[in-house]
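The structure appears right after this line, and notes come after that.
The values are calculated or read from the model by the stated rules, or taken from the named source; none is laboratory data. What you are looking at is a predicted structure, and each value in this text was computed from that prediction instead of being measured. Cβ sites come from the backbone with ideal geometry, for glycine too, and all protein chains shown count toward neighbours. The area values use the complete protein model at the heavy-atom level, side chains included, leaving out ligands, DNA and RNA. Shrake-Rupley method; radii C 1.70, N 1.55, O 1.52, S 1.80 Å.
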Amino acid sequence: MLKFDEQATLKNMEGALKLRPQINEVVDAIYERGFQNVCWLGIGGTYASAMQAVVHMKEKTSMEIFYENAAVFLTTGNKRITKDTFVIISSVTGSTEEVVAAVKKCNEIGATVLGFIDEKEAALARMVDHLISYPLNEQLKFFMVGDRLMQLAGEFEDYEEFYAEMDVHFAKGIVEVEKAADEFGQAFAEAHHDDDMHYFVGAGNQWGATYSYAMCYWEEQHWLKTKSIEAHEFFHGMFEIVERDTPVTVYVTEDSQRSLSERVVNFIPQICGNYTVIDAKDYDVPGISEKFRGALSPFILHAVNNRIDVHIERINRHPMEIRRYYRQLKY
């Protein structure tokens, strides 16, 4: 299979799951001390992951949770972020300008900051109150924080059962999804690798990932023009510019907002002959109970997207790590 190191992927995901005791130790201490609200703070891809964390939690918890864009926080502020706020951030390099400045502002306010920072020697790593350093799997780390908070609040009764299944089956299951999606990923890449414009539609805990996939993968890494749209907003403007040959991809999750994407799927054949539906339900994750699959939709769909990416990279002869402007120029 093209560019897929099964053992590396398995090891990485299993390693992320093994962070849970460390995450729980931090979350438990903060919960016991008390807090007023929880803020997921980011920009770009980390902002997208923050969106996903809030959607993941909001139908289950009565806690005040929200996400904030780091740059907007610096310009406009947010009075909800106080000394009693629990702030969660993530950064690969620890050098993202807006995030560094936003955390400095959180420090000045007195908020408690948990940082998932891959580069543990970065200056940002010294600015957070609690540091956990492990590469990749940002959404999984964020979800583990949210799940522990809800469990402590008595809002996630199946927590132990869920993670008993996750610890044994999740990493292997996602590897199998990626393998199963390879043929589809190749066909999709061959059909869409040079689209003039591609529209991605998503909802629920996949919306943040849809936003990120369009912006951080197709635009930033493949240099392909895209637009992302929430499924429930599709019928309030965007569908008027969809024609017979317009490339549209609709992601369908298994969470509570599945019906929002299904509405788009049911409608779009009337106006478009160039649409694709990527449904998490089509991919098996053995060992995971049906009642938990909704929470895993973003991870399943991310595995599918991974296969699309490697094939576009090969067809277009454009390595995804190359950037025209990002960190190349001053801005």
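Take the solvent-accessible surface of the protein heavy atoms, probe 1.4 Å, and return the percent of it on the chain that carbon and sulfur atoms account for.
Result for the chain: 49 percent of the exposed heavy-atom area is carbon or sulfur.
Near residue 60, which lysines are there with a Cα under 24 Å away, not counting those fewer than 8 places off in the same chain?
141, 281, 291
How big is Rg to Rh over the chain, alpha-carbon atoms, Rh as the Kirkwood inverse-mean-distance radius? List each step's numbers first, then the result.
Working: Rg = 19.7 Å, Rh = 20.6 Å.
Rg/Rh: 0.95.
Go ahead and estimate [θ] at 222 nm for the chain from helices alone: -39,500 (n - 2.57) per DSSP H run with n ≥ 4, summed, over the residue count, rounded to 500. Before the final figure, lay out each step's value.
Numbers: 12 runs with 143 residues, N = 331.
The per-residue figure over the chain is -13500 deg cm²/dmol.
Only bridges with both residues in region 182-331 count here: give the DSSP antiparallel percent, nearest 5.
Numbers: 0 of 13 bridges.
In region 182-331, DSSP labels about 0 percent of beta bridges as antiparallel.
Give the residue list of chymotrypsin sites (Phe, Trp or Tyr not before Pro) in region 219-254 that are DSSP loop and have at most 16 other beta-carbon atoms within 10 angstrom.
On the way: sites: 223, 234, 235, 239, 251; in loops: 223, 234, 235.
Sparse-neighbourhood loop chymotrypsin sites (Phe, Trp or Tyr not before Pro): 223, 235.
Expressed as a whole number of Å, what is the distance separating the alpha-carbon centroids of region 193-222 and region 245-310?
Here the answer is 13 Å between Cα centres.
So which lysines pass the test for residue 225, namely a Cα distance under 25 Å, with those fewer than 8 places away in the same chain ruled out?
Leaving aside lysines fewer than 8 places away in the same chain, those within reach of residue 225 are 3, 330.
Would you mind working out the magnitude of the charge dipole of the chain relative to its Cα centre, with +1 at each Lys and Arg C-beta and -1 at each Asp and Glu C-beta, to the nearest 20 Debye? The partial results should precede the final answer.
Details: 33 positive and 51 negative charges, 203 e Å.
About 980 debye.
FRET efficiency for residue 66 and residue 120, Cβ-Cβ distance as r, R0 = 22 Å, nearest 0.05? Please list the in-between numbers first.
On the way: r = 28 Å, r/R0 = 1.25.
E between residue 66 and residue 120, to the nearest 0.05, is 0.20.
Using Cα-Cα distances under 8 Å and only pairs 6 or more residues apart, what relative contact order does the chain have, in percent?
Numbers: 542 pairs, mean separation 58.1, N = 331.
That works out to 18 percent.
Measure nothing fancy, just the Cα-based angle from helix 97-109's long axis to the longest principal axis of the chain, in degrees from 0 to 90, nearest 10.
For 97-109 against the chain, the angle is about 30 degrees.
May I ask for the angle, rounded to the nearest 10°, between helix 171-180 and the longest principal axis of the chain, with both axes built from Cα atoms and the value confined to 0 to 90°?
The angle comes out at about 20 degrees.
Taking the chain as the reference, fit the longest principal axis to its C-alpha atoms, fit the long axis of helix 182-192 to the helix C-alpha atoms, and give the angle between the two in degrees, 0 to 90, nearest 10.
Approximately 70 degrees, to the nearest 10.
Counting only GluC sites (Glu not before Pro) that sit in a DSSP loop (anything but H, G, I, E, B) with at most 14 other Cβ atoms within 10 Å, what is the longest stretch of the chain containing none of them?
Values: sites that count: 59, 64, 121, 157, 243, 321.
Maximal segment without exposed cleavage sites: 158-242.
Could you work out which residue, out of 102, 29, 71, moves most in a Gaussian network model of the chain, that is, has the largest mean-square fluctuation with Cα springs under 10 Å?
Most flexible of the set in this elastic network: 29.
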